[in-house]
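Have a look at the structure below, then the notes.
The values are calculated or read from the model by the stated rules, or taken from the named source; none is laboratory data. These figures come from a predicted structure and were not determined experimentally. In this analysis, Cβ positions are derived from the backbone assuming ideal geometry, glycine residues included, and neighbour counts consider all displayed protein chains.
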Amino acid sequence: MTTQGILVRVLGDYGPFSTMGKSIGYQVSIGDSSFLVDCGSPLFQQIGGHALKTIKGVIITHCHDDHKRWFTDLSLFNMYAPDIQHKLPVFSSESINAGLQAASGPALNTSLSSDSKMVVDLDYADYIDFKPLGPRAKYRIVRQSNASGGFTLAVLDSLGVIVGPEQAKIVISSKNETSRLLFKDHCYGEWVEPEQFYCFSSTVFYEENRNIHHDPAGFTIEAINAPVWHGVPSIGLRFTTANESLVFSGDTAHDTELWQALHSEKRPQRLSGTREEFEAATILYGDINDYIERSWSSERYYEALTAFDNAIVIHDIATHRSVVHTDYRRLDHTVLRKGKTIFTHSPDKMTSEWPLSKAEKSFLIQGSTFKEIVGDRLFPLNAAVYHKQEGKYFVGYRNPGGTVPVYENGGILNLGGQWPWENGTELYKIDLYEDVNGKYLPLLENQGSDVYVARADGAVERVTRDENGSRGVLVKDLRAELGNR
């Protein structure tokens, strides 16, 4: 089987509250180059220490733990493994890297000296070779010493010049004391939070250099932010070869009606004092949303609408409204295209007419299509329904005489059950098959006593257990013939 194209191995695609355990992580390979996209899955179990030494870097999309859970372990591994002579290459935006540095401090800031006789201080840079993806900001909040021996906060531009309050202010949160930047956009004449307001292609707030990674193997990795709306600093990714384009959209609330409101609605400021006091203030205390007048620029909105053009997309999904993820019920309000999208980050139990990923599945993107890799063969994802439940994966093919009904309830699909949102209006019937390592097998009639077991040689047995012991029977893979239905 040829592996020309972009190979994606799904290491984990469940969220932080899953009983399945394998949070978000992917291994992306193009030729001999291999990268990790996020590291929330158990990497040392799945890839192994030896193979991890060949990874060219880890790309972090944001700092939620289900995406970075093994970050400090990877950092320590690169530091102390005797046959690794380089720091851990980390690709991400400036803001995300700052979050990684802050979060990893308790694990990385101190260690023992080489003779184990002293506790020594270490710097984040002793472990990490940071490689920025995405442009650097032209303006930033810095901490400066003052004449009284204390410190103060100031906003500096790219030349190190202090920026006055007519252009930028610092808002210190009354909730958690974090500092966020408030910025005056002169095109709109409004106060905005620049990291959220501007897309990476805007040179008003960001430098012109987009810090696109140009790999010696002939492909690029680019950070995108326009369609990514998740709360914490986040990026999406675009891998581009001569023939392929793959986008990891990153966790996001993807809804074009929401996006329309973000760029078109002007919000009134809620000032605690007079207008003159606000304009003169360098530092404000409270909620930055009292001062922000618009969330997105129109430039960001229109760039978000075209961010996935001509690409295969790996995108998060939720079944019930999850504020920070894409709602399955709102797919007709996205720019995603069926047949070009693989859903990930799905809950433990979900039914979808769009392909779902699952930990340990691998996909090959070639040109403008993707297929699943099963052994040494490639298969399209052409089922009518994909279903995940209790760690198992199922596919369904339409059949008027099928035994399994597909229901819709409030925009959510399901195969029936005991949850309040299940059942509803019957849409059609399917024949349901269990997917075991990419092989499509008949649905087990005796779920309690029968189980499918994958053998080391790739074959699958149906194992029956009863009072007399267990016995196994080889089962035929039906995937090829189902694909011809």
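Of everything in region 260-302 that is among the small types (Gly, Ala, Ser) and over 25 Å from Val228 (Cα atoms), the residue that is nearest to the chain's Cα centre (by Cα) is Gly286. Suppose we keep only residues that are in a loop (DSSP other than H, G, I, E, B) and in contact (Cβ under 8 Å) with a residue 40 or more places away in the chain within region 260-290. Which one would you say is surrounded by the fewest Cβ atoms within 10 Å (Cβ to Cβ)? For region 260-290, the residue satisfying everything is Lys266.
Somewhere in region 173-190, is a residue modelled with pLDDT of 95 or more, within 30 Å of Leu76 (Cα to Cα) and among the small types (Gly, Ala, Ser)? Yes, some residue in region 173-190 is modelled with pLDDT of 95 or more, within 30 Å of Leu76 (Cα to Cα) and among the small types (Gly, Ala, Ser). Residues in region 39-49 that are of a type in the set (S, T, N, Q) and part of a helix (DSSP H, G or I): 2 in all.
For Pro16, the criteria (1) under 14 Å from the mean Cα position of the chain (by Cα); (2) surrounded by 17 or more Cβ atoms within 10 Å (Cβ to Cβ); (3) of a type outside the set (Phe, Trp, Tyr) hold in every case but one, which is (2). Any residue in region 305-325 that is farther than 19 Å from Glu353 by Cβ, part of a helix (DSSP H, G or I) and over 18 Å from the mean Cα position of the chain (by Cα)? Among the residues of region 305-325, at least one is farther than 19 Å from Glu353 by Cβ, part of a helix (DSSP H, G or I) and over 18 Å from the mean Cα position of the chain (by Cα), which makes the answer yes.
Tell me which residues, restricted to region 178-202, are closer than 20 Å to Gly134 by Cβ and either without any contact (Cβ under 8 Å) to a residue 12 or more places away in the chain or among the basic types (Lys, Arg) (or both).
Answer for region 178-202, where residues must be closer than 20 Å to Gly134 by Cβ and either without any contact (Cβ under 8 Å) to a residue 12 or more places away in the chain or among the basic types (Lys, Arg) (or both): just Arg180.
The set of residues in region 104-159 being in contact with a Lys or Arg (Cβ under 7 Å, 6 or more places away or on another chain), assigned to a strand (DSSP E or B) and in the same structural domain as Leu76 (by TED's automatic domain parsing) consists of Ile128, Asp129. Counting the residues of region 33-92 that are surrounded by fewer than 21 Cβ atoms within 10 Å (Cβ to Cβ), within 23 Å of the chain's Cα centre (by Cα) and polar (S, T, N, Q) gives 6. Lys184 satisfies every condition listed in (1) closer than 30 Å to Lys87 by Cβ; (2) not in a loop (DSSP other than H, G, I, E, B) except (1).
From the list Val161, Val142, the lone residue that is closer than 30 Å to Val192 by Cβ, over 31 Å from the mean Cα position of the chain (by Cα) and without any contact (Cβ under 8 Å) to a residue 24 or more places away in the chain is Val161. The residues in region 431-479 that are under 13 Å from Gly375 (Cα atoms), of a type in the set (A, V, I, L, M, F, W, C) and not in a strand (DSSP E or B) can be counted, and the count is 2.
Every residue, every condition in (1) under 22 Å from Gly391 (Cβ atoms); (2) not in a helix (DSSP H, G or I); (3) not β-branched (Val, Ile, Thr), yes or no:
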{"site": "Ser29", "(1), (2), (3)": "no, yes, yes"}
{"site": "Val37", "(1), (2), (3)": "no, yes, no"}
{"site": "Ala51", "(1), (2), (3)": "no, no, yes"}
{"site": "Lys56", "(1), (2), (3)": "no, yes, yes"}
{"site": "Phe77", "(1), (2), (3)": "no, no, yes"}
{"site": "Pro82", "(1), (2), (3)": "no, yes, yes"}
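Exactly one residue out of Val436, Val453, Val406 is touching a strand residue (DSSP E or B) at 6+ places or on another chain (Cβ under 9 Å), surrounded by 14 or more Cβ atoms within 10 Å (Cβ to Cβ) and within 25 Å of Glu360 (Cβ to Cβ): that is Val436.
The residues in region 88-114 that are β-branched (Val, Ile, Thr) and within 29 Å of Ser34 (Cβ to Cβ) can be counted, and the count is 2.
Residue check: is Leu246 closer than 21 Å to Lys175 by Cβ and of a type in the set (A, V, I, L, M, F, W, C)?
no
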